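In what follows, a structure is listed as structure tokens, so that the remarks can point back to it.
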């Protein structure tokens, strides 16, 4: 049994990316899943002066430990102006300063969503490029378009049958990859 850590790169209290990772977690039964919110790990805006004067925040070390303890990760990134959010970038900055290889050998399912038709595809592409620099292995990715049209708040599930089939396939492939 593998331990899979799920989180969204958003700091919104109504994050649709958090809803997407929560749904993904509900689809995996054979492994131990844990869903966290990055907002529970309060990190100041990164700066070398802060790092030098105050060191690494306790919350950073706690988040780092969570990631290191996991066998695999499911991350959903949000998009601001065709880029990952400053919030998520700040989290990556801190983690990489503490331990540049903080994702070493972690298999990752990388997702993104937005209410737009591209489903935060630009942020997804950026994350696919940058996360391997820290040792992560992107084994699957999924861009979920038009979240409000294709996800049922009532049932907390994907309402578009075609997207659901694609999503299910990605989840099954990811699980197969982490079991190897």
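The values are calculated or read from the model by the stated rules, or taken from the named source; none is laboratory data. Remember, it's a predicted structure, so these values are computed and weren't measured experimentally. Note: ideal-geometry Cβ built from the backbone for every residue, glycine included; neighbour counts use all protein chains shown.
Counting only residues that are in a loop (DSSP other than H, G, I, E, B), without any contact (Cβ under 8 Å) to a residue 60 or more places away in the chain and over 15 Å from the mean Cα position of the chain (by Cα), the range 7-43 holds 5 of them. No other residue among 76, 143, 112, 122 is more than 23 Å from residue 34 (Cβ to Cβ) and outside any helix (DSSP H, G or I) apart from 143. Of all residues in the range 163-180, those that are within 22 Å of residue 106 (Cβ to Cβ) have Cβ atoms under 7 Å from Cβ atoms of residues that are part of a helix (DSSP H, G or I), 6 or more apart or on another chain, in 171/24.
The requirement of being surrounded by 16 or more Cβ atoms within 10 Å (Cβ to Cβ) and farther than 27 Å from residue 179 by Cα is satisfied by residue 85.
Results for (1) buried (at least 21 other Cβ atoms within 10 Å of the Cβ); (2) farther than 17 Å from residue 70 by Cβ, shown as yes or no for each residue.
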position: 2; (1), (2): no, no
position: 10; (1), (2): yes, yes
position: 17; (1), (2): yes, yes
position: 24; (1), (2): yes, no
position: 36; (1), (2): no, no
position: 42; (1), (2): no, yes
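Looking at the structure I just gave you, is residue 52 on the phi > 0 side of the Ramachandran plot and either surrounded by fewer than 17 Cβ atoms within 10 Å (Cβ to Cβ) or in contact with a helix residue (DSSP H, G or I) (Cβ under 7 Å, 6 or more places away or on another chain) (or both)? Taking the combined requirement at face value, the residue does not satisfy it.
Can you pull out the residues in the range 45-65 that are without any contact (Cβ under 8 Å) to a residue 24 or more places away in the chain and either in a helix (DSSP H, G or I) or farther than 15 Å from residue 92 by Cβ (or both)? Passing the criteria: 48, 49, 50, 52, 53, 54, 55, 58, 59, 62, 65. Scanning the range 146-180 for residues that are in a helix (DSSP H, G or I) and either at pLDDT below 95 or under 30 Å from residue 99 (Cβ atoms) (or both) turns up 170, 171, 173, 174, 175, 176, 177, 178, 179. Counting the residues of the range 103-119 that are in contact (Cβ under 8 Å) with a residue 40 or more places away in the chain and over 13 Å from the mean Cα position of the chain (by Cα) gives 2.
Taken together, 100, 129 contain a single residue that is in contact with a helix residue (DSSP H, G or I) (Cβ under 7 Å, 6 or more places away or on another chain) and free of Cβ contacts under 8 Å to residues at least 40 places away in the same chain, which is 100. As a summary of the residue check, residue 100 satisfies the conditions (1) in a loop (DSSP other than H, G, I, E, B); (2) farther than 25 Å from residue 3 by Cα except for the one numbered (2).
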